[in-house]
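Visitor: The structure follows.
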Amino acid sequence: MSAHLQWMVLRNCSSFLIKRNKQTYSTEPNNLKARNSFRYNGLIHRKTVGIEPAADGKGIVVVLKRRAV
């Protein structure tokens, strides 16, 4: 399924959406800016980058997603 078709399905009815002060934010994984837009969506793109806290609580871990076709 193409990324644009996935975006059309997810843009208004995702479980990660938060609406505050007439703005729409997203809390999905690998969305670094927390914006609800095609460009920053971490669910639909094949290659994404995310940042998570380390398991020991010291520092961060960079997460790369590379989905096969």
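Every number here is computed from the coordinates shown, using simple stated rules; none is lab data. Predicted, not measured: the structure shown is a model, and the values here were computed from it. Ideal geometry is used to build each Cβ from the backbone, glycine not excepted, and the neighbour counts take in all protein chains shown.
Visitor: Could you sort the peptides 7-13, 40-46 by per-residue average Cβ neighbour count (10 Å cutoff), highest mean leading?
Guide: Values: 7-13: 12.7, 40-46: 16.9.
Order by mean packing, descending: 40-46, 7-13.
Visitor: Still on this model: Using just the helices of the chain, give the 222 nm mean residue ellipticity in deg cm²/dmol: DSSP H runs with n ≥ 4 each add -39,500 (n - 2.57), and the total is spread over all residues, rounded to 500. Don't skip to the end; give the middle numbers.
Guide: On the way: 1 runs with 8 residues, N = 69.
My calculation for the chain gives -3000 deg cm²/dmol from helical runs alone.
Visitor: Note the full-extension length gain between Q23 and V62 as 0.36 nm times their separation in residues minus their Cα-Cα distance, in nm to one decimal.
Guide: Between Q23 and V62, full extension yields an extra 11.3 nm.
Visitor: Let me ask something else. Separation between the K33 and F16 pseudo-spin-labels, each 7 Å from Cα along Cα→Cβ, expressed in nm?
Guide: Reported label-point gap for K33 and F16 is 1.5 nm.
Visitor: Let me spell out the model: positive unit charges on the Cβ of Lys and Arg, negative unit charges on the Cβ of Asp and Glu, origin at the Cα centre of the chain. What dipole size does that give, in debye rounded to 20? List each step's numbers first, then the result.
Guide: Numbers: 13 positive and 3 negative charges, 59 e Å.
The calculated dipole for the chain is roughly 280 debye.
Visitor: If eta is 1.002 mPa s and T is 20 °C, what Stokes-Einstein diffusion coefficient results for the chain, Kirkwood Rh from Cα pairs, in µm²/s? Spell out each step's value before the answer.
Guide: Numbers: Rh = 13.1 Å.
The estimated diffusion coefficient comes to 163 µm²/s.
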